[in-house]
1. Scan segment 33-46 residue by residue and report those that are outside any strand (DSSP E or B) and crowded, with 24+ Cβ neighbours inside 10 Å.
2. Scan segment 110-128 and tell me whether some residue there is over 27 Å from the mean Cα position of the chain (by Cα), part of a loop (DSSP other than H, G, I, E, B), assigned by TED's automatic domain parsing to the domain that holds His62 and at pLDDT below 95.
3. Specify the residue that is farthest from Trp201 (Cα to Cα); the eligible residues are those in segment 1-46 that are in contact with a Lys or Arg (Cβ under 7 Å, 6 or more places away or on another chain) and at pLDDT below 90.
4. Being farther than 21 Å from Ala89 by Cβ and hydrophobic (A, V, I, L, M, F, W, C) is the filter here, so list the residues in segment 130-162 that pass it.
5. Does Gly262 fit the bill of being surrounded by 22 or more Cβ atoms within 10 Å (Cβ to Cβ), in a helix (DSSP H, G or I) and among the small types (Gly, Ala, Ser)?
6. Please indicate, with yes or no, whether at least one residue in segment 51-58 is over 21 Å from the mean Cα position of the chain (by Cα) and either without any contact (Cβ under 8 Å) to a residue 24 or more places away in the chain or assigned to a helix (DSSP H, G or I) (or both).
7. With the checklist (1) touching a Cys at 6+ places or on another chain (Cβ under 8 Å); (2) under 24 Å from Val355 (Cα atoms) in hand, flag the one item Lys255 doesn't pass.
Amino acid sequence: MTFASLGLCRTLLKTIAEKGYSTPTPIQRKAIPVVLSGRDLMASAQTGTGKTAAFTLPLLQHLIDHPVEQPLRKLPRALVLVPTRELAAQVAENVKVYGKETGLRTVMIYGGVGLQPQIEALRRGVDLLIATPGRLLDLIGQGHANLSNIRFLVLDEADRMLDMGFIHDLKRILALLPGRRQNLLFSATYTREVRDMAGLWLKNPASIEVAPHNTAAESVHQSAYLVDKSDKSSLLCHLFRSGEWGQTLVFTRTKHGANRLGLQLDQEGFQVAVIHGNKSQSARIRALSDFKASKVQILVATDIAARGLDIHQLPHVVNFELPNVASDYVHRIGRTGRAGASGQAISLVCPDETVYLRDIEKLLGKRLPVEVNPLNRKAGTQASRTVLTPDETPRNQPQRTRTHHAARFGKHSNPPRNRSPS
């Protein structure tokens, strides 16, 4: 199947060909014809599958095919709601690439930056509006954004928006939209909450699921190291040096943990940058740009970077700390192995995190292979099945060796206390 067979117009096909794309991905093959038909859509696809183009391409075609006259010309006709600034930037870049020959105007609005440039952009007029819910409501409340002409609504990363507590903001926004519109909901996972949302806001939607829900890409090799918490940074440095790793995205659970690890890696001589929710938008953009340009080898991030980061051929993702929500693991490791490329996802698991690892393995439907800890030389190959339970002290008590895969974790493992959100 080719893009031409999906019913896209010549303007878009020309741009697609110039980018070197010839064959649509599974989500694009299934979603584009549905969107072009005008039907509501509920779609699930793992990250890195070309999901963004699956809705931006047909949206652009709809806007091309149905121009409007003044005074409605200045009001947005399509709205894409996203949970984070990073995802907003990714969608905007996608629209910029594919829509460069269309003459359509796109405006991106999100928090963390000044209001005035966004207000001025809206005044000049917009066809496609990409927004995070909070900043959009701010601009609506101040009279700068008008949604009365919206004909197409996209809820991207719907599960993440619910996880981040945007449900009330979404309800307020949807109440301001015209009743007659096409709705598209994209989600990496099909939780009960996502299905409830679809049932309320979508009308007789087509349903597309291009991969089993809550699964990671098959091109990602996943593994874990069992390691005491105090030894994680030493093991990470050893893996970097012995494996001669290239670009690596490292996830921590908290902002404080990201800062601390970034400082440790910097002191070890690595080129490192850190992004999290307390960083300014300009600092986050600069860090990501340096990472993509290979000026920085290691990008340490909280889960704010788990969605929306599109890094070409990223070879390694490391979970320095496991997420306390199992589905976030899928989103994290989805930064590698994108668009068919291979990648490695490595998790450093301490005793306190074994409950999280069990939840992740339950979600994936498989156990992660455990690698031999190279720092545990005395234990030899048995190190792959060795883990301290939380009530043991490394200096005073021997390690308990578990040779059976199912019994490799301590019975009394407890998760760390909740900390500030990322």
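The values are calculated or read from the model by the stated rules, or taken from the named source; none is laboratory data. Bear in mind that the values here come from a model prediction, so they are computed numbers and not experimental data. Here the Cβ positions follow ideal geometry from the backbone for every residue, glycine too, while neighbour counts run over all protein chains shown.
1. Step one: of segment 33-46, the residues outside any strand (DSSP E or B) are 33-40, 45-46.
The answer is Val35, Gln46.
2. yes
3. If we take residues in segment 1-46 being in contact with a Lys or Arg (Cβ under 7 Å, 6 or more places away or on another chain) and at pLDDT below 90, then Met1 is farthest from Trp201 (Cα to Cα).
4. Ile140, Leu147, Ile150, Leu162
5. Answer is yes for this residue.
6. We begin by selecting, within segment 51-58, every residue over 21 Å from the mean Cα position of the chain (by Cα); these are 58.
Next, only the ones that are either without any contact (Cβ under 8 Å) to a residue 24 or more places away in the chain or assigned to a helix (DSSP H, G or I) (or both) stay: 58.
Yes.
7. Tallying (1) touching a Cys at 6+ places or on another chain (Cβ under 8 Å); (2) under 24 Å from Val355 (Cα atoms), Lys255 fails exactly one: (1).
Here's the yes/no breakdown for (1) surrounded by fewer than 19 Cβ atoms within 10 Å (Cβ to Cβ); (2) within 21 Å of Arg335 (Cα to Cα); (3) at pLDDT 95 or above; (4) assigned by TED's automatic domain parsing to the domain that holds Val34:
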site: Gly165; (1), (2), (3), (4): yes, no, no, yes
site: Arg195; (1), (2), (3), (4): yes, no, no, yes
site: Phe240; (1), (2), (3), (4): no, yes, no, no
site: Glu244; (1), (2), (3), (4): yes, yes, no, no
